[in-house]
Every structure is written in C-alpha cells, then in structure tokens.
Amino acid sequence: MPVAIGGLLKSSFCDWPGRVAAVVFVRGCNFRCPWCHNPSLVDPARFGPAVPEEEVLGWLARRKGVLDGVVVSGGEPTLWPGLEPFLEEVRRLGFRVKLDTNGSRPDVVRRLKEHGLAECVAADYKLPLRLYGLVGCRDAGPVAETLRLADWVRTTVVPGVHTDEVLAEMRREFGALGVSAPWRFQPFRPGSYLDPAFSSVRRNPVGEACPVA
C-alpha cells in the first residue's frame, strides 16, 4: 500500500538542524493529541487530496545536489506498510532520511534503522507515560522503547498542560528510562489545532530547542 502523503514542504532549515531538507508529511495517526498542530493530517474529515508518491519522488530526483536530506513526518509515518519501500526509493536517490515519530511502533523504527533507511529518528515525548491516555494511547510501553532507540527526543511545551509538576515528573521518568538521546523542548505556537480550544492559547515562552537534559 503506497504511503498517503498529505503534503510536501520543499525546503526547510529547521526540521533537521544543520541540513537543508524537504519534509514529506504523511497523513493518518493513531494518537489524538488535542494540541496537535497538523489536524489536516490526523482527522480524516480534514484530509485533502493525497500527493502521489511518484510526484514526490520525481521532484526529489530533480533536487539531488541541492537538498541535504528528507524528513518524513506526520501524522504518524510508521503506520503505513508502504513506508519502507518509499524510503528505499528516497535512499536510492541518494538522500539521507530523518524520521519523526510518536513512538508507538518501535518495531518499525528498529527495522528502519537496522536497514539504513532512517539515519536519524526524532521521537516525541508528550507527557509522563502514565498520562498517555490523554492523547489516545492505551499502552505507552512501546513509546518508552522507542525513546531508547531515538537519536533525539522532543517535547512541545503546551501552556496549561506541561505544568512545572508535569515537567518535573517527566525529567525524573526520562532519567529512569535510561534514554541516551538528547531531549529538547519545543515552544508551543498559536495556530490551528486538533482541539480548537488550543488555537487561542498564547505562545509558550520556552526558547527554541532549549536543552532539558
């Protein structure tokens, strides 16, 4: 089954620090984070027309020597059986690949890394694992496993959600999990969110890529 591509950002300087990368956005997600800033990739009622894989691969072929890599984000890319063959084509074009994931499919992440199809994996650490039910995840055990596989971990700090107490619990848990990847905060920004209530929340003052550990 081909990957359902919901969008293509042709050039980004911040999605893979130190590289100029295209970002391929895959639609469909098994989480429902109320503060998700990509609702058109998560809520089927908001899906637009899919971008054909062939169109994306053809465009990438014309950008060889210009781009440093390709970021595959979502939604949640690891849900798609066609992700591996798609990444094989991207790698065949000579591009390095970064994968963004919610951490729910560590088996897929491990296989992609072992096969050289994802040079860099960025995993979200959304909340203390005991609270993952709030984002529609019944079992956060796989997330813990993915955090240990990740090359870096990130948390978007949402006003009213990530209180000082919640962040303190996450710091303790992060250390207890034995994760070796660097963990960084991302600032929450105003925009369109899965739950419209978050669209009126003001920007969080956390600095860009502020180190936590």
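Structure values in brief
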{"quantity": "Any chance R46 is farther than 26 Å from A140 by Cα and out of contact with any helix residue (DSSP H, G or I) (no Cβ under 8 Å at 6 or more places or on another chain)", "calculated": "no"}
{"quantity": "Every residue from segment 55-83 that is surrounded by 15 or more Cβ atoms within 10 Å (Cβ to Cβ), over 23 Å from A123 (Cβ atoms) and of a type in the set (V, I, T)", "calculated": "V56"}
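Quick note: the coordinates plus some simple rules give every number you see, no bench work behind them. Given the structure is predicted, the values throughout are model-derived calculations rather than measurements. Please note: Cβ atoms are built from the backbone with ideal geometry, for glycine as well, and neighbour counts cover all protein chains shown.
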